[in-house]
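**Q** Shown below is the structure under consideration.
The values are calculated or read from the model by the stated rules, or taken from the named source; none is laboratory data. None of the values given here were measured: they were computed from a predicted structure. Reconstructed Cβ throughout: ideal geometry from the backbone, glycine too, with neighbour counts over all protein chains shown. Quick note on the areas: whole protein, heavy atoms, side chains included, nothing else; ligands and nucleic acids left out. Shrake-Rupley method; radii C 1.70, N 1.55, O 1.52, S 1.80 Å.
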Amino acid sequence: QSGRWLDLEFCPRCGTNLGFTLEGAPDLRTLPAGAFEDPSWIRAERYKFRHVFVRSRRDWSDLSPLVEAYEQHFRP
């Protein structure tokens, strides 16, 4: 929507989406929900997590109440 570039990264073996980098926020790193078989090591209180583009999330996705949620991106 912003007209800026988006660099997507995928697993070279299976093609799974591993995240992306945004031109408008190159200092941020994204990880898609469900990218880890065992996500128990990821702690919301340790990192600054945000759910972005929740307007297009799947009905079955379970968003943590410990994480800020944004309908679109959190930066204008």
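**Q** Just need a number here: residues in segment 17-60 that are of a type in the set (A, V, I, L, M), in a loop (DSSP other than H, G, I, E, B) and open to solvent by less than 60 Å² (accessible area, probe 1.4 Å). If you could, list the steps in order and put the result at the bottom.
**A** Residues of segment 17-60 that are of a type in the set (A, V, I, L, M), as a first pass: 18, 22, 25, 28, 31, 33, 35, 42, 44, 52, 54.
Those left that are additionally in a loop (DSSP other than H, G, I, E, B): 28, 31, 33, 35, 42, 44, 52.
Then keep just the ones that are open to solvent by less than 60 Å² (accessible area, probe 1.4 Å); that gives 28, 35, 42, 44, 52.
Adding up the residues that qualify gives 5.
**Q** Please work out which residue is nearest to the chain's Cα centre (by Cα), limiting yourself to segment 1-24 and to residues that are of a type in the set (Gly, Ala, Ser) and closer than 22 Å to ARG55 by Cβ.
**A** Within segment 1-24, the match that is nearest to the chain's Cα centre (by Cα) is GLY19.
**Q** Shifting gears a bit: Which of the residues spanning segment 49-72 are closer than 17 Å to PRO39 by Cβ and either among the basic types (Lys, Arg) or free of Cβ contacts under 8 Å to residues at least 12 places away in the same chain (or both)?
**A** Of everything in segment 49-72, those that are closer than 17 Å to PRO39 by Cβ and either among the basic types (Lys, Arg) or free of Cβ contacts under 8 Å to residues at least 12 places away in the same chain (or both) turn out to be ARG50, ARG57, ARG58, TRP60, ASP62, PRO65.
**Q** Considering only segment 21-52, how many residues are aromatic (Phe, Trp, Tyr) and at pLDDT 80 or above?
**A** 0
**Q** When you scan segment 7-45, how many residues do you find that are within 21 Å of PRO65 (Cβ to Cβ) and among the hydrophobic types (A, V, I, L, M, F, W, C)?
**A** The number of residues fulfilling the criteria is 7.
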